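Reading through the structure tokens given below for one structure.
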Amino acid sequence: MTALRAAGLSIGLLTSLLASADTTHTATHREAFAQPFAGLDEGQLERFFRGRSLFRQAWVVAPSRDEAVDGLGPLYNRVSCIACHPKNGRGQAPAQGQPMRSMLLRLSLPGHDAQGGPKPHPVYGDQLNELGVPGVPGEGRAHVYWQEHAVQLGDGETVMLRKPKVELRELAYGPMDAVLTSARVGPPVFGLGLLEAIDESTLRAMASEAKPDGVTGHVNAVWSVERQRAEAGRFGLKANQPDLRQQIAHAMLGDLGITSTLAPEQNCTPAQQTCAHAAQGGDPELNALQLGDLHFYLAHLAAPARRQQTEPAVMQGEKLFSAIGCTACHRPALVTGKHPLYPALTQQHIAPYTDLLLHDMGPGLADGREDYLANGRQWRTAALWGLGLSERITPSSGYLHDGRARTLEEAIVWHGGEAETARQRYVALGAQARQAIRAFLQSL
């Protein structure tokens, strides 16, 4: 590594050279976010494709002839995982005044639950479920309205930024008093196994490092259902899940109403009696083998390799990205530890461009909603790998936690808080330098 750096190679290019060919791929077509690791044997590939089928499966209302995929609801948002993660990429924020499709609304009250997590609303729970099976009213409808304002860059160019305002309608179980809400679009799901394999000690070491420009970074401490203890959070937009299995189980329950061994109770509150008496699709509805197959699939989705690394604009943009301070949070190079289940994830050099830590992103991006140790202004650093393929694979999907940013430039200009100094440096650049940074981001 030192010798290669002495030769003048960038950190990103070095990481690309060192990254295992088994965990990355060079595909750029519409299924580029759905590629398995290279080197999986026949049995592993069979398991991968079983998991893929479950991820794409449209679940049905119980009882049905196909008991393996029934149990939808009683309350739910969508009928499949892929509906909120199209092509395994980002979900899309709705157009002005339109209902949510691949966006959801988190709910909570001020305070914490018994494990330190968000305190669910006593009637509506921790997520608005707009749909219900026959005989069970959906909880209500959320419509998004966009409020825009102009920001002028250093060279006089104007960027229009938009922020969502959510309007709740047709609430079926009464008003929501004092509720805290947070709109979220589905994030990309490739490369998650590699992020799961990063040691907690690595996360804590990054959090404790001295960083420039007032950047800090914190590890969230969240509850592990499986191990009944607090652990480092790494999944979810506020790093509120400790591992991929729990993330899958909670998404299956919250989004589809599908129970599992890690989330065995239906998503009905005491006030929702018709929900509580609806038919179930098994106990649990997602069995241990299916949960394992989903975990295997998502853990072995390869990350896209970088492209156009030697183009002058990309090389200039990479240097500027580091120089203005973006790599303080968007770390270009990490090494995984030992994964407890899957050897292929162990000791891999990866380039996710994240530190998986919580950072204060300022009032502009704040949702005002606490999530374990994350306060209302903190978000987990988003991984940037695959960013340049998003426009091709999931056009119009947008960026940031709620899809508000329609372009990469909008996403950058929205940064504040710990990223304010880096943002100011970006805004002060000329048009050509800003374009170089965006060209670099599109090479990821």
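The values are calculated or read from the model by the stated rules, or taken from the named source; none is laboratory data. Model, not experiment: these values are computed from the prediction. So basically every Cβ, Gly included, is an ideal-geometry build from the backbone, and we count neighbours across all protein chains shown.
When you scan the range 298-308, do you find a residue that is of a type in the set (S, T, N, Q) and crowded, with 17+ Cβ neighbours inside 10 Å, even just one?
No: zero hits.
Yes/no per residue for (1) of a type outside the set (F, W, Y); (2) out of contact with any strand residue (DSSP E or B) (no Cβ under 7 Å at 6 or more places or on another chain); (3) in a strand (DSSP E or B); (4) under 20 Å from K165 (Cα atoms):
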{"site": "R50", "(1), (2), (3), (4)": "yes, yes, no, no"}
{"site": "F55", "(1), (2), (3), (4)": "no, yes, no, no"}
{"site": "A58", "(1), (2), (3), (4)": "yes, yes, no, no"}
{"site": "K87", "(1), (2), (3), (4)": "yes, yes, no, no"}
{"site": "R106", "(1), (2), (3), (4)": "yes, no, yes, yes"}
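Any residue that is modelled with pLDDT of 95 or more and under 30 Å from A271 (Cβ atoms) - is there at least one of those in the range 147-162?
Checking the range 147-162: not a single residue is modelled with pLDDT of 95 or more and under 30 Å from A271 (Cβ atoms).
Starting from the range 89-100, take each residue that is buried (at least 20 other Cβ atoms within 10 Å of the Cβ) and list its partners that are of a type in the set (D, E) and assigned to a loop (DSSP other than H, G, I, E, B), counting only C-beta distances under 8 angstrom and pairs at least six apart or across chains.
Hits for this filter: A93/D402; M100/E130.
What is the one condition in (1) of a type outside the set (G, A, S); (2) surrounded by 13 or more Cβ atoms within 10 Å (Cβ to Cβ); (3) within 30 Å of N88 (Cα to Cα) that K211 does not satisfy?
Checking K211 against (1) of a type outside the set (G, A, S); (2) surrounded by 13 or more Cβ atoms within 10 Å (Cβ to Cβ); (3) within 30 Å of N88 (Cα to Cα), the one that fails is (3).
I'd like to check which helices (runs of 4 or more DSSP H) are fully inside the range 215-315 and have at least 3 residues that are of a type in the set (G, A, S) and closer than 20 Å to K338 by Cα.
none
Let's see how each residue does on (1) surrounded by 23 or more Cβ atoms within 10 Å (Cβ to Cβ); (2) at pLDDT 95 or above:
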residue	(1), (2)
L18	no, no
D41	no, yes
F48	no, yes
F55	no, yes
P63	no, no
Y76	yes, yes
D113	no, yes
G116	no, yes
Y124	yes, yes
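Restricting to strands (runs of 3 or more DSSP E) lying wholly in the range 134-197: which have 2 or more residues that are within 27 Å of the chain's Cα centre (by Cα) and over 19 Å from A366 (Cα atoms)? First the steps, then the outcome.
Values: elements: 141-152, 158-169, 180-185.
Strands (runs of 3 or more DSSP E) meeting the threshold: 141-152, 158-169.
I want to confirm something. Restricting to the range 111-133 and keeping residues that are touching a Gly at 6+ places or on another chain (Cβ under 7 Å) and assigned to a strand (DSSP E or B), which single residue is farthest from D255 (Cα to Cα)?
Looking at the filtered set, the residue picked out is K119.
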